[in-house]
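Have a look at the structure below before the remarks.
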Amino acid sequence: YSQEFLTMQSEFVQSEERFKRMTAEQTEYGTAKAIYESAKRKLQIVGLRDNEINTLADGHVPMAYLPVRAPFGGTLIAGEAKQGEAVQVGAEFFTIANLSKLWVIADVFEHDLPLVREGMQGDVVVAPYPSEKFPGRLTTIYDMVDSKSRTIKTRFDVENRQGKLKPEMFATVNVHALFGRRLDSLRGKSLKVPSLAVMDNKNEKYVFVAVNDTTFEQRSVKIGFETQLYTEILGGLKPGERVVTKGTFFLKSEMGKSMFTEE
C-alpha cells in the first residue's frame with residue numbers, strides 16, 4: 001500500500017478525463033496533453049503495464065496495492081522483505097539472478113599463463129556430479145597475480161540450463177589446451193621432462209641425471225614452457241638421458257657424497 005501511488009492514479013484519472021474532453025482547436029489542448037502524458041509516464045515508471053493503465057482509465061477504480069515485478073526472469077536467491085513490513089525508498093526486497101549461464105572463476109599458476117588463451121574450451125566438474133562435465137569457454141584472463149598462491153584468476157562462461165550448478169560451488173576446470181596438449185605441439189619437437197624432476201636452487205634449475213643405477217649427476221638445465229605435468233628443456237640434457245623423478249629431495253640431501261659426480 002502506498003498513499004503516493006494512490007495520488008498518482010488520481011492525478012492520472014483527472015488528467016485523462018480533462019484531456020478527453022478537449023479538442024485540438026482549444027488553446028489549452030497542448031498543456032492538457034502534456035499533463036496527461038506526464039501522469040501516465042509516472043505510472044509506467046513505478047511498474048504499471050499499459051493494460052493496467054488502460055483499465056484504470058476506463059473504470060476509474062484505483063489499485064490499492066502497487067505490484068512489484070522483477071525486471072527480468074530468474075531465480076530468487078535472497079529475500080528480506082516480509083508481508084506487512086514498512087519499507088523505505090530504495091530498499092532491496094529480493095535478489096533475483098539468471099542462473100541459466102554462470103561464471104566459474106578458476107586459478108591458473110603464473111608459469112602456466114603462456115599456455116592459456118581467451119576463447120579456449122574447458123570442462124567444469126563439481127563434487128555433486130563427479131562424472132558429468134559442464135562445457136565452458138574461457139572469456140577473461142585477469143591482470144593481477146596473487147602474491148601468495150602465485151596464481152592468476154580466469155573466468156569461464158558455463159551453460160547451466162538444467163540448474164545443476166549453484167552459486168558458490170567449488171569446481172575444477174580441465175582446460176584441454178593447457179594440460180592435454182603436448183608441449184612439442186606448442187614449440188616444435190622439443191625435449192621435455194616430468195616437472196617433478198626439475199629442482200630449483202636460487203636462480204638455477206637443475207635435474208639429477210642417472211649415470212648408472214647407483215651414480216647420479218646434478219645437471220644444470222635451461223627450461224622453457226612449464227605446466228604441472230611437464231617442463232620443456234631448452235638446454236643441458238640430451239634425448240635418451242634418464243632423469244630422477246622420485247626421491248629427488250633425498251638425493252639433494254646426499255649431495256657431495258660418493259654417489260654423485262660433478263657436471
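Residues that are of a type in the set (G, A, S) and farther than 27 Å from V87 by Cα were ranked within the range 1-38; the one that is surrounded by the most Cβ atoms within 10 Å (Cβ to Cβ) is S15.
Scanning the range 96-106 for residues that are over 11 Å from the mean Cα position of the chain (by Cα) and either small (G, A, S) or surrounded by 13 or more Cβ atoms within 10 Å (Cβ to Cβ) (or both) returns I96, A97, L99, S100.
Considering the conditions (1) at pLDDT below 85; (2) in contact with a Lys or Arg (Cβ under 8 Å, 6 or more places away or on another chain), F94 is excluded by exactly one of them, (2). Taking first residues from the range 71-85 that are exposed (fewer than 10 other Cβ atoms within 10 Å of the Cβ) and partners that are outside any loop (DSSP other than H, G, I, E, B), the Cβ contacts under 8 Å between residues at least 6 apart in sequence or on separate chains come to F72/I96.
The values are calculated or read from the model by the stated rules, or taken from the named source; none is laboratory data. Since we're looking at a predicted model, the values are computed, not measured. In this analysis, Cβ positions are derived from the backbone assuming ideal geometry, glycine residues included, and neighbour counts consider all displayed protein chains.
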